[in-house]
1. Scanning region 29-61 for residues that are farther than 11 Å from A19 by Cβ and among the aliphatic types (A, V, I, L, M), which turns out surrounded by the fewest Cβ atoms within 10 Å (Cβ to Cβ)?
2. Looking at region 142-156, which of its residues are surrounded by 16 or more Cβ atoms within 10 Å (Cβ to Cβ) and not in a helix (DSSP H, G or I)?
3. Check whether at least one residue in region 168-178 is open to solvent by less than 40 Å² (accessible area, probe 1.4 Å), β-branched (V, I, T) and under 26 Å from L70 (Cα atoms), and report yes or no.
4. Need the failing condition index for K202 against (1) open to solvent by 60 Å² or more (accessible area, probe 1.4 Å); (2) modelled with pLDDT under 95; (3) over 18 Å from R93 (Cβ atoms), just the number.
5. Hey, does region 46-66 have a residue that's out of contact with any strand residue (DSSP E or B) (no Cβ under 7 Å at 6 or more places or on another chain), closer than 21 Å to I174 by Cα, in contact (Cβ under 8 Å) with a residue 60 or more places away in the chain and not hydroxyl-bearing (S, T, Y)?
6. Can you go through L65, L24 and tell me which one is farther than 26 Å from A110 by Cβ and of a type in the set (A, V, I, L, M)?
7. Since L161 meets every condition but one in (1) exposed (fewer than 14 other Cβ atoms within 10 Å of the Cβ); (2) over 19 Å from R33 (Cβ atoms), which condition does it not meet?
8. Starting from region 80-93, take each residue that is without any contact (Cβ under 8 Å) to a residue 60 or more places away in the chain and of a type in the set (A, V, I, L, M, F, W, C) and list its partners that are open to solvent by less than 60 Å² (accessible area, probe 1.4 Å) and in a helix (DSSP H, G or I), counting only C-beta distances under 6 angstrom and pairs at least six apart or across chains.
Amino acid sequence: MSSDNKFDASLSVAPPPKAADKILDVARDLFYREGIRAIGVDEIVKRAGVTKPSLYRSFPSKDELAASYLRKYDLEFWERFDEAVDAHPGDPRAQIIAFLTRVGKRTQKADYRGCGMTNAAVEYPERGHPARIVSENNKQELRRRLRAMAAAMGAGDSDTLGDGLLLLIEGAYISGQLFGRGGPAASVARNADLLIEASLKK
């Protein structure tokens, strides 16, 4: 292949996103900003520029669309978490503080709406709802990881420390929405470090 052909290939236009991808992107934005129950299917297809039948071909119901949004959110959440972990190999305390430093910064943004998983769990109290199941799985895994990290730090009561860190995180998600810029969520990493320090001294 000539260099000209390679150059031409690099200029080729990317294929347009599939209807399902457009629907999910729009749904993700609307569900996060305004809540899942507040947004109807008609609004989603209008914003996505697709038809209602195309939505239901990809997502059998709005409940399944909500679950798909949260599965994508879950992947993004763990990407952020793992970035903090990878930045501090072998140092769980630094890993947690790095993750929470980012959380604290995000809570200060004007468009911050907390954690999509937490919000969905509040919106859907029914235990078997598809969106709730995704949310519960995310929180259970976060709890497991925090407890394991607390144990790796050498905490005498690692389960209690892990749970305490989880409570701080959830508090940051909610208070970030309530107080906005300058609110207590900005200091979540500092408070987590104080909790860790106190736990390791026991």
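The values are calculated or read from the model by the stated rules, or taken from the named source; none is laboratory data. Keep in mind it's a predicted model, so treat the numbers as computed, not measured. Heads up, the Cβs are rebuilt from the backbone with ideal geometry, glycines too, and the neighbour counts pull from every protein chain shown. Note: areas computed on protein heavy atoms with side chains; ligands, DNA, RNA excluded. Shrake-Rupley method; radii C 1.70, N 1.55, O 1.52, S 1.80 Å.
1. A38
2. Passing the criteria: only A155.
3. Yes: one or more hits.
4. Failed condition: (3).
5. We begin by selecting, within region 46-66, every residue out of contact with any strand residue (DSSP E or B) (no Cβ under 7 Å at 6 or more places or on another chain); these are 46-66.
Then drop every residue that is not closer than 21 Å to I174 by Cα, which leaves 66.
If we keep only those that are in contact (Cβ under 8 Å) with a residue 60 or more places away in the chain as well, we get 66.
With not hydroxyl-bearing (S, T, Y) added as a condition, the list becomes 66.
Yes, some residue in region 46-66 is out of contact with any strand residue (DSSP E or B) (no Cβ under 7 Å at 6 or more places or on another chain), closer than 21 Å to I174 by Cα, in contact (Cβ under 8 Å) with a residue 60 or more places away in the chain and not hydroxyl-bearing (S, T, Y).
6. Numbers: L24 fails: farther than 26 Å from A110 by Cβ.
Unique residue meeting the criteria: L65.
7. (1)
8. Pairs found: A84/Q95; A84/A98; A84/F99; V85/Q95; A87/A98.
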